[in-house]
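For reference, the structure discussed in these notes is given below.
No value in this document is a laboratory result; all are computed from the given coordinates. Fair warning: this is a prediction, and the values are worked out from it, not measured in the lab. Here the Cβ positions follow ideal geometry from the backbone for every residue, glycine too, while neighbour counts run over all protein chains shown.
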Amino acid sequence: MFSIAPSARLRPSPFYAATLAEGVTSFTTYNHMLMPTGYGDPEAEYWRLIEGVSQWDVSVERQVELKGPDAGRLAQILAPRDLSACKAGQGKYVPLCNHDGVLINDPILLKLDDDRYWLSIADSNIWFWARAIAAERGLKVAIGEPDVSPMAVQGPMAENVVAGIFGDWVRDLRYFWFRETRIQGIPVTVARSGWSKQGGFEIYLRDGRRGSDLWNIVREAGQPFGIGPGNPNWVERIESGLLSFGGDTDAATNPFEVRMGGYVDLEAADEVIGIAALRRIAAAGPRRRQLGVMLDGGRPETPGFTWHDIASGGRKIGDLTNCAWSYRLKRNIGFALVAASARPGDPVTVDLAGREVAGRLCDLPFL
Ligand code: THG
């Protein structure tokens, strides 16, 4: 079809050579990098995640490091979630908002130490943002993007694989907690996390020269469990209700609209970016809400580059932001960003590139 022209703007993943050797067949762009999105057999890759264990290059989840005496204060200025109880070795899922309360990223924050944090970011330029805010507020903190590249190991067998490599202590890691260690001389950070609801770990590679080595260690340890390559799985994440920042959000989306209200602390200090706007939005009530939608009929239309209108009673009430064929539900399912007055159970129609498809709104997650 077409190929992507290599360039230093598309920063290489340390796992690139390994994913080519695995037979990667498609990529997307994310944080100015290429991320594998498939290895040629989507259904097999799905069942491997649901029933076994799957290995993903997610080095596009770049780390924005905050380091220095004001690192903790800056983290708490950037994130409206209360971080006061967060311990060294613990991670938290946090919304980042701009001054209008609009969601601009949804990273996992990792607290490495009292003066050192990583924001493991979704697809937007938080390095610029954090630097600008730190400079404007006169904070003593260095901000950079260290040589750190996550690989995810996901699925019900992931714990056996990761324990086989690092030891049984990984079985006691709590969700989003992590520990620094080494394997065959490779420095890594092992966390219980990952963008699926099938359980698993993320191994943050801390030496970009060792990508193929780390990939092959995991690949070999996973052989008895049938490990194979995969990627953040589009179908499973919709079934599980996981948000894709930038895919399910637009330039006006606030955390309350996309089920992240629980991660906003309205009592946060006034210096927290966006808190005044978030208080106003919470008081007035958000205009939209995120629900699931189940579509009638067989195999899905590929959603493509755009959102699709959702109508009720002949009037547009919102957008289908993503959809996929669920192999478990045997239905076409998607995320609906719709008027706050919409309710689970409401019948709707979706305009899929000119073809009207009937469906029904429902609660998230689907499974
Ligand atoms: N791993 C790492 N960094 C990341 C992601 C990741 N950065 C970008 C992106 N993914 C961040 N987005 C999410 C979204 C949801 C979750 C994790 C990262 C998640 N959510 C659970 C849920 O919604 O049920 C739990 C949230 C909670 O209980 O706090 O896991 O995947 N390194």
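Answer yes if at least one residue in region 2-9 is of a type outside the set (Val, Ile, Thr) and touching a residue at least 60 places away in the same chain (Cβ under 8 Å), and no otherwise.
no
Keeping to region 117-141, report how many residues are surrounded by 14 or more Cβ atoms within 10 Å (Cβ to Cβ) and either more than 16 Å from the ligand (Cβ to nearest atom) or part of a loop (DSSP other than H, G, I, E, B) (or both).
Here the count works out to 11.
Could you check how many residues of region 350-366 are surrounded by fewer than 14 Cβ atoms within 10 Å (Cβ to Cβ) and not in a strand (DSSP E or B)?
Within region 350-366, residues that are surrounded by fewer than 14 Cβ atoms within 10 Å (Cβ to Cβ) and not in a strand (DSSP E or B) number 3.
Between residues in region 197-213 that are without any contact (Cβ under 8 Å) to a residue 60 or more places away in the chain and assigned to a helix (DSSP H, G or I) and residues that are surrounded by fewer than 24 Cβ atoms within 10 Å (Cβ to Cβ) and not β-branched (Val, Ile, Thr), which pairs lie under 8 Å by C-beta distance while being six or more apart or on different chains?
Asp213/Gln184
Do we find a residue being within 16 Å of the ligand (Cβ to nearest atom), among the β-branched types (Val, Ile, Thr) and free of Cβ contacts under 8 Å to residues at least 60 places away in the same chain anywhere in region 232-248?
no
From the list Pro69, Pro80, which residue is surrounded by fewer than 18 Cβ atoms within 10 Å (Cβ to Cβ), touching a residue at least 40 places away in the same chain (Cβ under 8 Å) and not basic (Lys, Arg)?
Details: Pro80 fails: surrounded by fewer than 18 Cβ atoms within 10 Å (Cβ to Cβ).
Just one listed residue meets the conditions, Pro69.
Just give me the residues in region 215-248 being in a helix (DSSP H, G or I) and among the β-branched types (Val, Ile, Thr), in sequence order. If you could, list the steps in order and put the result at the bottom.
First, pick out the residues of region 215-248 that are in a helix (DSSP H, G or I): 215-225, 234-240.
Ile217, Val218, Val235, Ile238 - these are the residues of region 215-248 that are in a helix (DSSP H, G or I) and among the β-branched types (Val, Ile, Thr).
Checking the condition crowded, with 18+ Cβ neighbours inside 10 Å, in contact with a Ser or Thr (Cβ under 6 Å, 6 or more places away or on another chain), at negative phi and in contact (Cβ under 8 Å) with a residue 40 or more places away in the chain, which residue from Pro36, Pro95 passes?
Criteria check complete, one pass: Pro36.
A quick yes/no check of all residues on (1) within 15 Å of Ile227 (Cα to Cα); (2) not small (Gly, Ala, Ser):
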site	(1), (2)
Leu10	no, yes
Ala17	no, no
Glu22	yes, yes
Ser26	no, no
Gly40	no, no
Ala44	yes, no
Trp56	yes, yes
Arg62	no, yes
Arg73	no, yes
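Quick one: in region 249-261, of everything that is more than 13 Å from the ligand (Cβ to nearest atom) and in a loop (DSSP other than H, G, I, E, B), which residue is surrounded by the fewest Cβ atoms within 10 Å (Cβ to Cβ)?
Ranking the candidates gives Ala251 first.
Starting from residues that are within 16 Å of the ligand (Cβ to nearest atom) and of a type in the set (Val, Ile, Thr), keep the ones in region 67-109 and report whichever is nearest to the chain's Cα centre (by Cα).
For region 67-109, the residue satisfying everything is Ile108.
Output the residues belonging to region 191-220 that are over 23 Å from Pro12 (Cβ atoms), surrounded by fewer than 18 Cβ atoms within 10 Å (Cβ to Cβ) and basic (Lys, Arg).
Scanning region 191-220 gives a single hit, Lys197.
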